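The next block holds one structure in the form of structure tokens; read it before the comments.
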Amino acid sequence: MHLDGYGLFVNDMGRMIRFYRDVLGFEIKEAENADNVYLVKDGTLFLLYGRKDFEKLTDKTYQYLKGVNAHSEMALYVDTFEEVDRQYAHALEKGASSLMPPTLEPWGQRTCFIADPEGNIIEIGSWNKPYAEKDL
């Protein structure tokens, strides 16, 4: 099996599209009014499913968390410590909630945590070197 993508079940499709596209730089693959929206970030497929549409598709009703969803996190990497700070500030200006401001951790990574408009956790971090060299 190959990982093909990662999906979120969203309440407000337009707001979430605008956040992931305009704030975090995901590329949208279809119109904003689609039931299921495909976004791409660095070659990875990211799917947004309308909650009601998914329930109709599967003929089931689901329970959704309210507030911050602490069941998973998405990690985004930037090349410099300064960019962690810039991206964090930009995300907050555009509707993200702060969970942890940029912090230099004892292990040498600068990282922060935000929540998207529907409470999904996103980490923005850096080892202060280019992505291609971060694991060397």
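The values are calculated or read from the model by the stated rules, or taken from the named source; none is laboratory data. A quick note: this is a predicted structure, and the numbers were derived from the prediction, not measured. Cβ atoms come from the backbone with ideal geometry, glycine included; neighbour counts cover every protein chain shown. Keep in mind that these areas ignore ligands, DNA and RNA; they rest on the heavy atoms of the full protein, side chains included. Shrake-Rupley method; radii C 1.70, N 1.55, O 1.52, S 1.80 Å.
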Residues located in the range 1-43, provided they are open to solvent by 70 Å² or more (accessible area, probe 1.4 Å) and within 16 Å of residue 75 (Cβ to Cβ): 3, 6, 42, 43
The residue that is farthest from the chain's Cα centre (by Cα), considering only those in the range 44-61 that are surrounded by 14 or more Cβ atoms within 10 Å (Cβ to Cβ) and of a type outside the set (Phe, Trp, Tyr), is 55
Residues within the range 39-60 that are over 19 Å from residue 121 (Cα atoms) and not charged (D, E, K, R), tallied: 4
Those residues of the range 1-37 which are among the hydroxyl-bearing types (Ser, Thr, Tyr) and out of contact with any Leu (no Cβ under 6 Å at 6 or more places or on another chain), in sequence order: 6
From the option list 111, 61, single residue qualifying as over 21 Å from residue 21 (Cβ atoms), in contact (Cβ under 8 Å) with a residue 24 or more places away in the chain, in contact with a helix residue (DSSP H, G or I) (Cβ under 9 Å, 6 or more places away or on another chain) and not aliphatic (A, V, I, L, M) is 111
Across the range 1-38, the tally of residues that are assigned to a strand (DSSP E or B) and either hydroxyl-bearing (Ser, Thr, Tyr) or under 11 Å from the mean Cα position of the chain (by Cα) (or both) stands at 4
Conditions (1) modelled with pLDDT of 95 or more; (2) open to solvent by 60 Å² or more (accessible area, probe 1.4 Å); (3) under 20 Å from residue 15 (Cα atoms); (4) not hydrophobic (A, V, I, L, M, F, W, C) -> residue 128 fails only (3)
Would you confirm, using the coordinates I've provided, whether residue 103 is without any contact (Cβ under 8 Å) to a residue 24 or more places away in the chain, open to solvent by less than 60 Å² (accessible area, probe 1.4 Å) and within 30 Å of residue 133 (Cβ to Cβ)? yes
